[in-house]
Amino acid sequence: MVQEAGTPPIGSAGAAAGPTATGPTAMDRVDGVLEGLWHLLTSMRVAMIIMLLIAVMGVIGSMVIQMPSGVSDDPAARIDWLNGVRPRFSLFAAQTDIMSSLQLFEVFNSIIFRILVALLTVSLVACSLHRIPGLIRTATKPRVDVGAAFFQHAPQHETIVARQTPAETRALVAGVLQRRGYRTLVTEDETIHVYGDRFRWMQFAGLIGHLSLVVIMAGAILGGIAGYRDQDFSIAEGATRLVGTNEGLSVQLVDFTVTYDQVTDMPSDYASSVVLLKDGKEIDRHVVRVNDPLRYGDLTFYQASYGSAAQMTIKDASGKVLTSEGVPFSWSLNDGDRSLGILSVPGTSYTLWIIGTSGDSDTRVHPGQVEVQVFNSGAASMTPIDDQVIDQGKAATVAGMTMTFDRESQYTRLSVARDPGVVLVWLGSLLLFVGFALRFMLPHKRVWGRITTRANGAIVAMATLAQKDAAISTDFEDLVNDIRTALQAPVQA
Amino acid sequence: MEKLSGYAFVAAMLSTGLATIAYLAYAISGLRAARMQTAGMPSTTGALGFVSGPRTAAIGRYATMLGWMATIFLLAGLIFRSIVAGRGPFANMYEFSLAFAFGVLVTYMFFERRYHQRILALVALPVAGAMMVYAFTIPATIEPLVPALQNNLLLTVHVAVAIVAYGSFAVAFAASLLYLLQGRWALVAAGMLIAGIVMAPVGLVMGGITGLLGGLLGGGVGGAISGYIAHWAGLGKSFEGEASGRWGLPKPQVLDEIGYRAVVVGYPFLTLTIILGAVWADTAWGTYWSWDPKETASFVTWLIYGTYLHARVVRGWRGDRAAWLLVLGFVATLFTYFGNLFFGGLHSYSGLG
Ligand code: HEM
């Protein structure tokens, strides 16, 4: 080992025991790998390939129907959903399953997609870090005295012969540059070097534009980790429902109205009139509409959809009312026609499935009736302990309880969301737009000039790194024209 | 007033048709001048490579006038309709198609003023015309907004910004198509055809009706790849760097440059469209992004043009490959625009059920 005995490097307590992989050659190899990795991550070609691959994933994701969020995490719902789409993908027997195992129904949650986005993020950061030193250097310490060869090889270059002395020429050239908004720097040895730039800080606008994407991504991740979202918060009219955030908040739906347009018969407004309660006490009232959510602190309630509900009253054997509330028909049975509402009866272990009619042709549940299936959640069995069809307005005894289907009402489905990441998303979006817009509108420009003496006057060479534009005259061409004009003006007597 | 807007739309459509004919006459006149020039007859070659004969310029001026007329009629129609409806004309596919056509016309006219390349009209005007014809085949009733769209300011800005982006991309597409047409077009056409034929059944397997769009997209990708292979293998004669265009068309570098300028205009607008869409989704539904197909398609479009900008600015891609990315980008733009007809999702407001 090459290390000196008295100064063991940190963390290598066991290293003295024998030869290890931390020898210089291995380190070199690690260095080489890291360097290669860095090179890969800052490579424009790799970044472009990643962007196009993400685009390909996007195309797949918009062509193949995607699982709704929530379904993918729930194994049972997942199987149901896959069975539902199976008929659409039946070219060969296993098509759906193969597509499912390739994660084609959840492209934006798929492993490949995550990897690609992570790679892009890392590449964005690497790229930006890589560029910062250079950007700072060109903004603060630009190279003024470039060599003569540059003025022959730059993408755009021009030579002007002046009658003025080099010093006069220098003043005129600098004057033109300044009039056109350029900052000018001049150094002098046997020749005069002139440098001009505009919008030198706008390079950083491009950098900010890139990094803003990382900010947006951070916001999305934060929202995913620390946010709360319940897209299926259904409440029937008259009912009160606890919000799942464990803050003692609940929402009562006073009533729900749909307004239809008189001409087209299309819904023109949905309005859920709600009361927000904390620990049972009213703290706010609001009519929630599609573009007008209810906000409480950082929690927001949006109007999502609506449907019909069954108003049920349930009493125990002694006649005590266990519950009287609307049950939203927010599910549907596997046959697809009958709607289903689920109610767990307070103070008991019973769960009720309330099944609605599918219409006039329904021979089992007629209009004006509901079917009630009672499950005992304590029991392992999946078969109902009682199952009856009951008429509206008539009390019936089901599983020892007295149940009445009072009337049909409506329910509203709200979407409850808390998203602490959203601030970052908007901040990132703002920076993204402003960054790139500035970068496009006020592009960083640089020109170099070189003034040399000739017999009775001076020679000005001008050059820039910007490409020539085939379609319109470039700034550089305009600038050179201005300098020509200035140099041709009659010399002051 | 509703009638008036209808008349304005018809007038706009007629003017677009006439303008297209005039631009065609202009192009033919230029082509003849180009032939005569090779035969030694008097004519002039402009700085940008377009050859013109004695009458060409006059025809060109008429074409431009007709183009402006079409733009103004369309604008008038859209304004009248907004007044009747009491909101921006952006609620259903009919209105949105006319707005799209307006976007294409306006950006085209803007680029014509700036770059004096009337030939681009041969692609841009038919795109606008097709949008108008399409609008006339679908119901034109003025409908109230469905609740999700009842946010006037956001809706108006979101769509108005989108239209500028789409219009710019149409101009970029026109430039890239004229560019490619001068090159290895036979190979390219064959590539698109083959890719389309291969892709359509694949699309059908994966998503039924969207197979059609899949085929289209596949055609674009396939054409891009075959064009690229042709480029890489050195098949056919390269014309990059030629001093004047073929068949009286503009110089390749000019078309390349215009394509880039158009994307530079369109890209920030597309970015803004997506951001405003997210803001809106957040106020209406409480999620700023839900990978709804239309959102996804606009994101894909954004990535493609982003790649184009890097390719051109950082890696110095010019010519064939850059032009192909622009074609691909415009296919994605159309995919974004027509997407909601096929996909449903949150954007299923087209009114075409
Ligand atoms: C989704 C991701 C990205 C987007 C939307 C994006 C967007 C842009 C845009 C709009 C420009 C300006 C082009 C022009 O001037 O015409 C640009 C330039 C540039 N990009 Fe990106 N970019 C992304 C990712 C990356 C990555 C990963 C890298 C690094 C490998 C990178 C490196 C650069 C460089 C070096 C420039 C030129 C200098 C500058 O404009 O500041 N970009 N990018």
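The values are calculated or read from the model by the stated rules, or taken from the named source; none is laboratory data. Since this is a predicted model, take the numbers as computed values, not measurements. When we count neighbours, we look across all protein chains shown, and the Cβ atoms used for this are built from the backbone with ideal geometry, even at glycine.
General remarks:
- All of (1) without any contact (Cβ under 8 Å) to a residue 40 or more places away in the chain; (2) out of contact with any Lys or Arg (no Cβ under 6 Å at 6 or more places or on another chain) hold for residue A:186 with one exception: (1).
- Residue that is nearest to the other protein chains (Cβ to nearest Cβ), among those in region A:246-268 that are closer than 27 Å to residue A:230 by Cβ and not in a strand (DSSP E or B): A:247
- Under the condition of being within 16 Å of the ligand (Cβ to nearest atom) and in a strand (DSSP E or B), the residues counted in region A:157-199 number 2.
- Odd one out for residue B:126 among (1) assigned to a helix (DSSP H, G or I); (2) closer than 21 Å to residue B:155 by Cβ: (2)
- The residues on offer are A:264, A:313, A:245, and the sole one that is out of contact with any Gly (no Cβ under 9 Å at 6 or more places or on another chain), at pLDDT below 85, farther than 30 Å from residue A:420 by Cα and among the polar types (S, T, N, Q) is A:264.
- Near pairs, Cβ below 9 angstrom, 6+ apart or cross-chain, from region B:304-315 (under 16 Å from residue A:54 (Cα atoms)) to any residue that is within 6 Å of the ligand (Cβ to nearest atom) and modelled with pLDDT under 90: B:307/A:47; B:310/A:44; B:310/A:47
- With a requirement of 3 or more residues that are over 26 Å from residue B:294 (Cα atoms), the helices (runs of 4 or more DSSP H) lying completely within region A:26-101 that satisfy it span A:44-63, A:75-85.
- Check on residue A:202, touching a Ser or Thr at 6+ places or on another chain (Cβ under 6 Å) and within 16 Å of the ligand (Cβ to nearest atom): no
- When residues in region A:208-240 are screened for being surrounded by fewer than 18 Cβ atoms within 10 Å (Cβ to Cβ), more than 24 Å from the chain's Cα centre (by Cα) and either charged (D, E, K, R) or farther than 22 Å from residue A:343 by Cα (or both), 0 of them pass.
- Candidate set: region A:414-438, residues that are within 15 Å of the chain's Cα centre (by Cα) and at the interface with chain B (Cβ under 9 Å from one of its Cβ atoms); chosen: the one farthest from the ligand (Cβ to nearest atom): A:419
- Any hit, region A:116-130, residues being surrounded by fewer than 16 Cβ atoms within 10 Å (Cβ to Cβ), away from the ligand (no atom under 13 Å from the Cβ), outside any loop (DSSP other than H, G, I, E, B) and not aromatic (Phe, Trp, Tyr): no
- Subset tally (residues that are in a helix (DSSP H, G or I) and more than 8 Å from chain A (Cβ to nearest Cβ)) for region B:249-293: 16
- Residue in region A:367-374 that is in contact with a Pro (Cβ under 6 Å, 6 or more places away or on another chain), among the aliphatic types (A, V, I, L, M), surrounded by 14 or more Cβ atoms within 10 Å (Cβ to Cβ) and part of a strand (DSSP E or B) present: yes
- Among residues of region B:262-281 that are within 10 Å of residue B:162 (Cα to Cα), those with a beta-carbon under 6 Å from a residue that is away from the ligand (no atom under 11 Å from the Cβ) and polar (S, T, N, Q) at least six positions away or on a different chain give the pairs B:266/B:168; B:274/B:298.
- Lone qualifier among A:493, A:466, A:486, A:470 - being in contact with a Gly (Cβ under 8 Å, 6 or more places away or on another chain), at negative phi and modelled with pLDDT under 85: A:486
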